[in-house]
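Just so you know, all these numbers are worked out from the coordinates, no wet-lab data involved. On a predicted model such as this, the values are computed, not experimentally measured, just so you know. Virtual Cβ from ideal backbone geometry, glycine too; neighbours counted across all protein chains shown.
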Amino acid sequence: MVGKEQDYLEDLAVVTGATILKNDNMVDGIEQVKLEHFGSAAKVIISELKTQFIKGAGTDKEIDKHMEVIKARIEQEPSKHFKKIMRDRFTKLNQLQATIYVGGTTDVEQG
């Protein structure tokens with residue numbers, strides 16, 4: 001996974017306190033994955049077009065650190081289009097709300 005999708009996944013992980021498992025921090029097999037790796041939120045709202053995570057378990061310190069990284073990337077980005085995308089991410093994190101655009105089409109998928 002690269003690009004925009006990876007960025008949104010990182011935002012979601014920071015907000016929910018989850019750990020993204022990849023080669024540099026991979027656990028030794030599925031048996032080593034713990035509940036803490038998944039993160040949590042007080043409420044998850046699923047609609048046809050988006051999923052919202054409310055009151056994620058991420059710490060203010062980690063969220064602020066992540067926002068500083070995004071802010072630095074905005075300053076370095078030459079493309080106006082990508083700057084806008086990063087500003088939108090920054091704004092959502094600043095409001096402590098992460099929204100991912102994956103919807104559920106059935107009542108069961110929407111919760």
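Among the listed pairs LYS34/LYS84; LYS50/LYS83; LYS34/LYS83; LYS43/LYS80; LYS34/LYS71, those with a Cα-Cα distance over 30 Å are LYS34/LYS84; LYS34/LYS83; LYS43/LYS80; LYS34/LYS71. Inter-label distance, GLU75 to GLU36: 3.3 nm, where each label sits 7 Å from its Cα along the C-beta direction.
Descending by average beta-carbon neighbour count within 10 Å, the peptides 4-12, 34-42 line up as 4-12, 34-42, the highest first.
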